[in-house]
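Asks: Here it is: the structure, laid out below.
The values are calculated or read from the model by the stated rules, or taken from the named source; none is laboratory data. Being a predicted model, the structure only gives us computed values, none of them experimental. Every residue, glycine as well, gets a Cβ built from its backbone with ideal geometry; the counts of neighbours run over all protein chains shown.
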Amino acid sequence: MKRTGIFILLQILIIGIIFSCADRQDFDQFDDLTIVPDVEASLLYVETPERIINQVSGINFYTQTFNFDAFNEPFVEENILEGVITYEVENTTSKPLDITFEFLDEFGNSLDIEFFSIEAAPTAILTREIAYGPNGRSMDIIRNTSAIRVSAVNRGDNTSVSPLPEPTIYLRSSAQFSINLK
Amino acid sequence: MKRLRYLFWVFLIGSNLISAQNKEVLYDFLEIPESLLLNPGREVSYEWYAGVPFISGVYAAGATSGVTVNDLFAADGVDINQKVRERALNSLTKKDEVNGIFQIDILNGGFRGRNNPKNFYSFGLYTEGYVVNYWPQDLAFLAFDGNADQLGRRFDLSDLNSSGQMLNVFHFGINREINNKLTLGGRLKLYSAIVDYKSTSNKGYFLTDVGRDNLLVNTLSADVKVRSSGFNELFNLDDSGRSVTSLFTQRGFFGGDIGLGIDVGVTYYLNKQMLLTGSLLDLGMIYHTTDIVNYSLKGNASVEGVEVILPDALADPGADLWQDLVDEIEELLPFEENNDNYVTIRPVKLYSSFRYNFGKQAESQRSCDCDTQIDAPARNTAYLNSVGLQLFAINRPRGPQAALSGFYQRRFGNILALKTTYTVDKFSATNIGLGFSVQAGPVNVYLMGSNLLSYGNIADSNFAAFQLGLNIISWNLN
């Protein structure tokens, strides 16, 4: 009787360990796993006081091209899927202004333009979201962007002064993109 | 892709090390010579023993404290992305561990001193490897969800906590019966490390918030270090034309990083039937000098994109503002690589137990008809039954962790011994272990497993371990 008990215990252990079983696993599912985080960061910030606008003769008071390699870094270029660029223009100066935000490729060719026309203060902050990807403009614009050109045109005069404190034109922007990590 | 898959498995394949390193069934299993490795001060009744090379002690363990392999990879028709989201991302915390360990005795033997029979000497060599990972909760969310729409949320960089090591351990131990009540033991260990990595003391955070000037500000405050030895050459074996075996053999036999450690142990009889045991294992360190590659990222940087503030920007209209921004970040947050030697402390393990023996064996049951007569069973093995408690603790990067086991051992003459354990730790409350040792003449075979209730579907187990071995044991001097 005692020996029977021993052998039953041994059988439980041996069979349990050697012939332990497992439900069917499908490790190929790993290939279907997708990791696509949405990342966001500020893009470009331009701030111009009204006194600078007044000092510049002519209506085009500011134009500058910035090297901008964030989008065409190899990893980003290969894995960026879609996204949104958000612009915000705030004008506390006494002048109506036109702002142009232009994406350029490495040869200086224009890929995309965003134009903002904002009235003299007091005026609301102008906010605009531009989508890129399947539900928006071509992602090739983003992938091929190597520089950004910002131009500002004064549609007013060069003498008026806003009654607001520290009158300034602000251009703010940020980008939110989906990146395919796997 | 392959590296990503590898990293994924590193996080999922293993076990929590508290369970994986706790060999609760083997501890104080006096019929099995390998238990001397867990307590060099245990009672030893053999004249000599010799482990069969490579199979005298084979141990492997795997478990997870949160998610199981089955949770993610069961062929259940549920989208794996949904399973990862629900069962890993939304369930695991930074306290969860996913680790694994193996240990193989290459050589193991012992003999009683001729001039002083109270001394028993043991020696051997084993290979050990482990990976310890805590679930990097915040970094996992950052990887899967990103920082978008997470204003004000700090992603904690200290969640990155991982270490691993593979090494050979050469050991020589002395066990001495001081008197009828007390047995002491110690073991000297020489470590020959093959590969090692560690990133366990990280600090800092990544934060996205409303910007002061621009729409957003991204802040990275980091003090992150990764130290490694032995991987650079391993990852470039194709270029060198060398095999993994050749590389590991060279490093495992003192051609790599060298370290020194000790084990100590004790057995103390409170009376004829009750005793206490205890041991401290791997009090040691390794000095890493081979193929070192260390990385660090330390500093603070806040970025609001490229900023153009007139009239200051007009001073240098041709400036490359993007490159200036990149340079500024790299200056504030230098990512550095060096080859500085470093020291690792071995994870110290503590075992202790209280044992009560009862049901004395009859003399007839204490002998057998074997060719090799078993002549001098230990005081413990003179009893049919043993019951008691065992405590295990291990020093982990986030503080000590402990496991408590209750055990019952039953002997059937000197042929067969069975031991069963019930273990509770932070990861499992249903861990039942069972092991047996069979003595067929001089041949000792043992097999043991932990968390047996999980063997019905081992893929759904949070912890599973097995150990087996084959030894030749002699109780006779002649």
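Asks: Would you check which residues across segment A:44-65 are at pLDDT 85 or above and either in contact with a Phe, Trp or Tyr (Cβ under 8 Å, 6 or more places away or on another chain) or over 29 Å from A:P165 (Cα atoms) (or both) and list them?
Replies: Once the filter is applied, which keeps residues that are at pLDDT 85 or above and either in contact with a Phe, Trp or Tyr (Cβ under 8 Å, 6 or more places away or on another chain) or over 29 Å from A:P165 (Cα atoms) (or both), segment A:44-65 yields A:L44, A:Y45, A:V46, A:E47, A:T48, A:I52, A:I53, A:T65.
Asks: Got a sec? Which of A:I118, A:I113 is among the hydrophobic types (A, V, I, L, M, F, W, C) and crowded, with 18+ Cβ neighbours inside 10 Å?
Replies: Checking each option against the conditions leaves just A:I118.
Asks: Got at least one residue in segment A:57-64 being crowded, with 21+ Cβ neighbours inside 10 Å and closer than 18 Å to B:L314 by Cα?
Replies: yes
Asks: Return yes or no: is B:A393 among the small types (G, A, S), in a strand (DSSP E or B) and in contact with a helix residue (DSSP H, G or I) (Cβ under 8 Å, 6 or more places away or on another chain)?
Replies: It is false that B:A393 is among the small types (G, A, S), in a strand (DSSP E or B) and in contact with a helix residue (DSSP H, G or I) (Cβ under 8 Å, 6 or more places away or on another chain).
Asks: I'd like the full set of residues that are closer than 30 Å to B:E97 by Cα, among the β-branched types (V, I, T) and part of a strand (DSSP E or B), limited to segment B:404-440.
Replies: B:T420, B:T421, B:T423, B:V424, B:I432
Asks: Would you mind listing the helices (runs of 4 or more DSSP H) fully within segment B:198-304 where at least 3 residues are of a type outside the set (A, V, I, L, M, F, W, C) and at pLDDT below 95?
Replies: The helices (runs of 4 or more DSSP H) meeting that bar are B:237-240, B:244-250.
Per-residue answers, yes or no, for (1) closer than 24 Å to B:I55 by Cα; (2) more than 25 Å from the chain's Cα centre (by Cα); (3) at pLDDT 80 or above:
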{"site": "B:L404", "(1), (2), (3)": "no, no, yes"}
{"site": "B:F407", "(1), (2), (3)": "no, no, yes"}
{"site": "B:Y422", "(1), (2), (3)": "no, no, yes"}
{"site": "B:L434", "(1), (2), (3)": "yes, no, yes"}
{"site": "B:S437", "(1), (2), (3)": "yes, no, yes"}
{"site": "B:Y446", "(1), (2), (3)": "yes, no, yes"}
{"site": "B:N451", "(1), (2), (3)": "yes, no, yes"}
{"site": "B:N462", "(1), (2), (3)": "no, no, no"}
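Asks: Pull up segment B:102-131, narrow it to residues that are surrounded by fewer than 21 Cβ atoms within 10 Å (Cβ to Cβ) and among the aliphatic types (A, V, I, L, M), then point me to the one that is farthest from B:G173 (Cα to Cα).
Replies: B:I104
Asks: Here is a further query. Of the residues B:N147, B:N119, which is touching a strand residue (DSSP E or B) at 6+ places or on another chain (Cβ under 8 Å) and farther than 19 Å from A:L181 by Cβ?
Replies: The unique qualifying residue is B:N119.
Asks: Among (1) in contact (Cβ under 8 Å) with a residue 12 or more places away in the chain; (2) crowded, with 16+ Cβ neighbours inside 10 Å; (3) over 28 Å from the mean Cα position of the chain (by Cα), where does B:G278 come up short?
Replies: If we test B:G278 against (1) in contact (Cβ under 8 Å) with a residue 12 or more places away in the chain; (2) crowded, with 16+ Cβ neighbours inside 10 Å; (3) over 28 Å from the mean Cα position of the chain (by Cα), just (3) comes out false.
Asks: How do the helices (runs of 4 or more DSSP H) wholly within segment B:60-160 filter down when requiring 1 or more residues that are in contact with a Pro (Cβ under 8 Å, 6 or more places away or on another chain) and on the phi < 0 side of the Ramachandran plot: which remain?
Replies: Per the criteria, B:137-145.
Asks: Does A:T100 fit the bill of being within 11 Å of chain B (Cβ to nearest Cβ), on the phi < 0 side of the Ramachandran plot, modelled with pLDDT of 80 or more and under 26 Å from the mean Cα position of the chain (by Cα)?
Replies: no
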